[in-house]
1. In sequence order, what are the phi-derived ³J(HN,Hα) couplings for the range 68-80 according to the Karplus relation 6.51 cos²θ - 1.76 cosθ + 1.60 with θ = phi - 60°, rounded to whole Hz, with x for glycine and proline?
2. List, in order, the whole-Hz ³J(HN,Hα) value for each residue of the range 36-52 obtained from phi through the Karplus relation with A = 6.51, B = -1.76, C = 1.60 and θ = phi - 60°; use x for Gly and Pro.
3. Given points 7 Å out from each Cα along the Cα-Cβ axis, report the Ser45 to Asp23 separation in nanometres with one decimal.
4. Search the structure for amide H atoms under 5 Å from the amide H of Thr71, placed 1.01 Å from N in the peptide plane, and list their residues when 5 or more places away or on another chain.
Amino acid sequence: MPLISTLPEREQTSVSADLELSDCPMDTEPPGPDDAWAATEATWSAVVPDCEDLTAARDARQAYAVLRGLTARSGAMIAAATTSLPAAA
């Protein structure tokens, strides 16, 4: 069964879209985009250290967040950091 959606044209520069796949029906309505984004920011803020004692704290935080997002709770890699890079420049 194909999944087709049309987004309305707007003068926005970004659009948030979430897709949840499940083998059972959802028990509740999905959260609104603002609530979902706020929960995401709060979770990442809680798990990523501030790294303020490092020279490049912002870069270290971003690298930590990327690696954390690519790693399962068991420590196993669930995706490769290079999956979205072009094969050749």
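1. Along the range 68-80, the couplings run 5, x, 9, 10, 6, 4, 6, x, 6, 6, 9, 7, 8 Hz.
2. Each residue of the range 36-52 in turn: 5, 5, 4, 5, 5, 4, 5, 5, 5, 4, 6, 9, 9, x, 6, 6, 5 Hz.
3. Calculated label separation equals 3.7 nm.
4. Ile78
Since every read-out is calculated from the coordinates, none of them should be taken as a lab result. Predicted model, so just to flag it, every value in this text is computed and none were measured. Ideal geometry is used to build each Cβ from the backbone, glycine not excepted, and the neighbour counts take in all protein chains shown.
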